[in-house]
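Structure first, commentary second.
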């Protein structure tokens, strides 16, 4: 092998040096390096698991919050419906009361008008009765011819009109 330019003792020394150096590297560098890489990988794995768990928790919280929001919307709609129903009932009650008051007012006005009408008719009857009595009294007091009869009627009418104006 010397012919090829290889020195066997040097080659063996190089191989021994390589194996020793490889052993030293395995013991002092490779194992701690692999251990550090494994620890780092484990921390990354734990971080990813924690992130996944946090994401799942956030999603379940979001779902819970969305359910609460929907429940609140339903409750708010119920309250609005109840308020609308109460307002409509109140409006109907007030409308009924107003109609009853208006009808009572109309009835009272009708009764007042009827009473006023009856009083006016009674007053006219009394006035006409007095006028008839005055005319009869005047007729009885004197004998009348056609001219004096007309004069008597005019005088009684004047007296009754002037008597009312007073």
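Helix 8-24 versus the longest principal axis of the chain: what is the Cα-based angle in degrees, 0 to 90, to the nearest 10?
Between helix and principal axis, roughly 30 degrees.
Taking the Cα centre of each part, how many Å lie between segment 76-101 and segment 1-74?
73
On a full-extension model of 0.36 nm per residue, what is the gain between residue 148 and residue 97, subtracting their alpha-carbon distance, rounded to one decimal in nm?
Working: separation 51, 0.36 × 51 = 18.36 nm, distance 6.66 nm.
My answer for the length gained is 11.7 nm.
What does the helix-only formula give at 222 nm for the chain: each DSSP H stretch with n ≥ 4 adding -39500 (n - 2.57), the total divided by the residues, and the result rounded to the nearest 500 deg cm²/dmol? Please list the in-between numbers first.
On the way: 3 runs with 148 residues, N = 166.
Rounded to the nearest 500, the figure is -33500 deg cm²/dmol.
Treat each spin label as a single point 7 Å out from the Cα along the C-beta direction, and report the residue 118 to residue 73 distance in nm.
6.8
Given a 10 angstrom Cα cut-off, can you work out which residue in 26, 111, 11 is the most mobile in a GNM of the chain?
Of the options given, 11 has the highest mean-square fluctuation.
Picking from 81, 112, 38, which is most flexible by a Gaussian network model of the chain using Cα springs under 10 Å?
38
Assuming 0.36 nm per residue, please report the length gained on full extension of the stretch residue 134 to residue 109 beyond their Cα-Cα distance.
Working: separation 25, 0.36 × 25 = 9.00 nm, distance 3.69 nm.
Here the answer is 5.3 nm.
So the label point goes 7 Å from the Cα of residue 82 along Cα→C-beta, right? Which residues of segment 49-70 then have their backbone N under 20 Å from it?
Of the residues in segment 49-70, 68-70 have backbone N under 20 Å from the label point off residue 82.
Here, each number is a calculation from the coordinates, and none is a lab measurement. In this text, all values refer to a predicted model and were calculated from it rather than measured experimentally. Backbone-built Cβ (ideal geometry, glycine too); neighbour counts: all protein chains shown.
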